[in-house]
Amino acid sequence: MNIFRFAGDMTHLISILVLLLKVYATKSCSGISLKTQELYGIVFLARYLDLFTDFISVYNTVMKLVFIGSSLAIVWCMRFHRVVKRSYDRDVDTFRHYFLVGGCFLLALFVHEKFSFREVFWAFSIYLEAVAILPQLILLQRSGNVDNLTGQYVLFLGAYRGFYILNWIYRYFTEDQFSRWISCVSGLVQTALYADFFYYYFISWKNNAKLKLPA
Amino acid sequence: YSGYRAHDEL
């Protein structure tokens, strides 16, 4: 594992901790898209089917369990927690995310490395992760004002994707036979989706102003 | 195709 991959995993972990902190400390999930969180839950469950069949390292196994557990916990809180669920922006979070699930699954049926149960679900999870942030970005754009923790959550998620691209570049030059075009193409798409957000985050940081996204 | 270990990332 190289330093970029590790930095990517850590920023991913930090983003989840920021989200948990926001929900726990403020007992509020305003500004957070339940649709995006549900998509992440599906992404991790579909991708980590290999938990039962393949062992790569203790690190990988622990991280997989943390990602599955935390995404399901957030979804549970937003849906069922007596206090937290009251602050859910139900009327703004209207993205029809089931179309993304269907579309990505169809794509995975046709574009995969090997036509097997696990490989199709793996490809599906990669495609779905690439677009899972869309409901969240649209929710932020519609509500305009973004609170600090929500802004940092999305910032760290974007940083995670950026580091993974550096990781692939590093691996491309240091490993023989490194080819994983499904991950790389999807990863580029996924990172590109954050470009706009990064831009406005940078502007607000430079001006020392509250983050606002244009409608 | 080198098998499932190709999926060593998270």
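Details
- Residue-span extension gain [A:Val189 to A:Ile169] - 0.36 nm each, minus C-alpha spacing: 5.6 nm
- Residue-averaged 222 nm ellipticity for chain A, from DSSP H runs of 4+ at -39500 (n - 2.57), nearest 500: -23500 deg cm²/dmol
- Fewest neighbouring Cβ atoms within 10 Å first, the residues A:Val101, A:Val185, A:Val62 line up as A:Val62, A:Val185, A:Val101.
- Note on chain A: Lys pairs 8 or more places apart or on different chains, Cα atoms under 27 Å apart, count 19.
- As a length-normalised measure over Cα pairs under 8 Å and 6 or more apart, the relative contact order of chain A settles at 31 percent.
- Among A:Ile42, A:Ile169, A:Ile32: highest mean-square fluctuation, GNM of chain A, C-alpha pairs under 10 Å: A:Ile169
- Max mean-square fluctuation residue, GNM over chain A, Cα-Cα springs under 10 Å, options A:Ser204, A:Ser186, A:Ser15: A:Ser204
- Computed from phi, the 3J(HN,Hα) profile of the stretch A:57-66 under the Karplus parametrisation 6.51, -1.76, 1.60 (θ = phi - 60°) reads 6, 4, 3, 4, 4, 5, 4, 4, 5, 5 Hz, with x in place of Gly and Pro.
- Virtual paramagnetic centre 7 Å along Cα→Cβ of A:Phe6, amide N under 14 Å, in the stretch A:32-67: A:59-60
- Ranked for footprinting exposure by Cβ neighbours inside 10 Å, fewest first, A:Tyr160, A:Tyr172 give A:Tyr172, A:Tyr160.
- Part-to-part distance (alpha-carbon centres) for the stretch A:7-34 and the stretch A:138-201, which is given in Å: 16 Å
- If the chain linking A:Phe99 and A:Leu45 were pulled fully straight, counting 0.36 nm for each residue of separation and taking away their Cα-Cα distance, it would gain 17.6 nm.
Each value in this text was obtained by applying a stated rule to the coordinates, not by laboratory testing. If you're wondering where the values come from, they're calculated on a predicted model, not measured in any experiment. All Cβ positions, even for glycine, are placed from backbone atoms using ideal geometry, and neighbour counts span all protein chains on display.
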